[in-house]
């Protein structure tokens, strides 16, 4: 019996140690590497999946099925200057996060990233059972049943509360209620995002009034309002999240290529004609005002929140937006804010997993 036990232990170590060494090797390589400084390289092995392998993909992101004729934009991977990102493995991720919950909290850019990760994993395990559940509170939960890994989306574009009154919708810069946030606390990984909806005006603006403390405003400087809301969010996170069990990220600003200064063909009028990444880093000395606010708020927090710093690398990918291919048939409209899938959000998730590997 002793001989059998010893032989079994040796066999077990032979199986486990190579995997452990693989993970530790990745961790060692990533240590000290700025994974956000790099370049886009052509890689014929990309994309990581085909949209036809993702039966639940949302129509606005399914650019190929919607008639986009070019495919070169699918063939680029992000290469940090000082290291290599680990090649994505759905099997590795499911084993690492067995019985755990990864939640994305934010707007439709969070939807973009959440959907990307569900497609990335599903393409590795196409025959494994899954459940996709949606509820009236804005939560979508995608669960891979074999490993009990849940990828959750919480649609909360502004992070702080909006109160619905008989006289209008009130954006409350100073409060986050349990109705919105109590389910955030149970996650093992939290990825927050908020920015685009702070810019909307007119019919798309999701509030009628802004409450800041005792003051009620019809409107105010959007950057000031954004910073106040993020300050409220940061205090809520510091107070309510157990950082011994939960890794917290804030996704950097996802650029919308509707500003001619961001470069590419046709200036800011269209992102339709761009078919490959912009060459070189975009305006290295110029940063978006919202970027500065995000970094300021995160640096002031009591606990460690990781910045998923995707802004600069995404600024180079004007070719990655749906443009007129956000729906099949008539190619009307111009979406230069969201991203095609497969596409740039897959890289965001590769960076997220690299951060989790080295954390």
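The values are calculated or read from the model by the stated rules, or taken from the named source; none is laboratory data. Here the structure is a predicted model, which means the values were calculated and not measured. As a convention, Cβ positions derive from the backbone with ideal geometry for all residues, glycine included, and neighbour counts pool all protein chains shown.
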With criteria (1) crowded, with 20+ Cβ neighbours inside 10 Å; (2) in contact with a strand residue (DSSP E or B) (Cβ under 9 Å, 6 or more places away or on another chain), residue 341 comes up short on (2)
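Residues checked against (1) surrounded by 16 or more Cβ atoms within 10 Å (Cβ to Cβ); (2) at pLDDT below 95; (3) in contact with a strand residue (DSSP E or B) (Cβ under 6 Å, 6 or more places away or on another chain):
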{"residue": "282", "(1), (2), (3)": "yes, yes, no"}
{"residue": "299", "(1), (2), (3)": "no, no, no"}
{"residue": "317", "(1), (2), (3)": "yes, no, no"}
{"residue": "333", "(1), (2), (3)": "no, yes, no"}
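Specify the residue that is nearest to residue 246 (Cα to Cα); the eligible residues are those in segment 90-118 that are assigned to a loop (DSSP other than H, G, I, E, B) and out of contact with any helix residue (DSSP H, G or I) (no Cβ under 7 Å at 6 or more places or on another chain).
100
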Does segment 32-45 contain any residue that is in a loop (DSSP other than H, G, I, E, B), out of contact with any strand residue (DSSP E or B) (no Cβ under 7 Å at 6 or more places or on another chain) and surrounded by 14 or more Cβ atoms within 10 Å (Cβ to Cβ)? yes
Flagged pairs (Cβ under 6 angstrom, 6 or more apart or on separate chains; first in segment 291-307, in a loop (DSSP other than H, G, I, E, B); second loosely packed, with under 15 Cβ neighbours inside 10 Å) are 303/243
State whether one or more residues within segment 322-333 are under 15 Å from the mean Cα position of the chain (by Cα) and touching a residue at least 60 places away in the same chain (Cβ under 8 Å).
no
The residue from 356, 352 that alone is assigned to a helix (DSSP H, G or I) and surrounded by fewer than 20 Cβ atoms within 10 Å (Cβ to Cβ) is 356
Worksheet entry | Some residue of segment 168-186 being closer than 24 Å to residue 308 by Cβ, buried (at least 19 other Cβ atoms within 10 Å of the Cβ), in contact with a helix residue (DSSP H, G or I) (Cβ under 7 Å, 6 or more places away or on another chain) and at pLDDT below 95 | yes
Apart from one, (1) within 19 Å of residue 53 (Cα to Cα); (2) touching a residue at least 40 places away in the same chain (Cβ under 8 Å); (3) not in a helix (DSSP H, G or I) all hold for residue 158; the odd one out is (1)
task: Answer yes if at least one residue in segment 92-106 is touching a residue at least 12 places away in the same chain (Cβ under 8 Å), touching a strand residue (DSSP E or B) at 6+ places or on another chain (Cβ under 9 Å), within 21 Å of residue 251 (Cα to Cα) and surrounded by fewer than 18 Cβ atoms within 10 Å (Cβ to Cβ), and no otherwise.
output: yes
Within segment 198-217, residues surrounded by fewer than 17 Cβ atoms within 10 Å (Cβ to Cβ) and either without any contact (Cβ under 8 Å) to a residue 12 or more places away in the chain or in contact with a helix residue (DSSP H, G or I) (Cβ under 8 Å, 6 or more places away or on another chain) (or both) come out as 199, 200, 201, 202, 203, 204, 205, 206, 212, 214, 215, 217
Residue 127 meets each of (1) touching a helix residue (DSSP H, G or I) at 6+ places or on another chain (Cβ under 8 Å); (2) at pLDDT below 95; (3) not in a helix (DSSP H, G or I) with one exception, condition (1)
- Message: Condition (residue is buried (at least 18 other Cβ atoms within 10 Å of the Cβ) and within 18 Å of residue 194 (Cβ to Cβ)) applied to segment 135-149: is it met by at least one residue?
- Response: yes
